[in-house]
């Protein structure tokens with residue numbers, strides 16, 4: 001919904017939603033909805049700096065999910081950080 005509000009604000013030339021807010025929400029797990037909104041609304045799809053940061057948010061989320069769901073990967077991460085056995 002935030003992408004729709006931002007696109008509407010862009011068209012109306014009113015106050016916009018900060019890109020950092022959109023990135024934070026994507027980083028917190030909202031990237032699938034953000035990706036869908038970008039494609040459906042055709043909003044923020046051309047702006048390369050935005051897309052680069054968005055991609056980092058997606059990669060960090062997927063890496064975190066893999067680490068969280070894989071006991072072996074999580075144990076290796078703890079070992080790497082010096083907190084494992």
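The values are calculated or read from the model by the stated rules, or taken from the named source; none is laboratory data. Source: prediction; values computed, not measured. A quick note on method: Cβ atoms are made from the backbone with ideal geometry, for glycine too, and the neighbour counts reach across all protein chains shown.
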Residue count, the stretch 1-14, condition touching a helix residue (DSSP H, G or I) at 6+ places or on another chain (Cβ under 9 Å) and either under 19 Å from residue 35 (Cα atoms) or at pLDDT below 95 (or both), comes to 6
In the stretch 36-62, the residues that are over 11 Å from the mean Cα position of the chain (by Cα), surrounded by 17 or more Cβ atoms within 10 Å (Cβ to Cβ) and part of a helix (DSSP H, G or I):
37, 38
Subset of the stretch 6-23 (residues that are in a helix (DSSP H, G or I) and surrounded by 13 or more Cβ atoms within 10 Å (Cβ to Cβ)):
6, 7, 8, 9, 10, 19, 22, 23
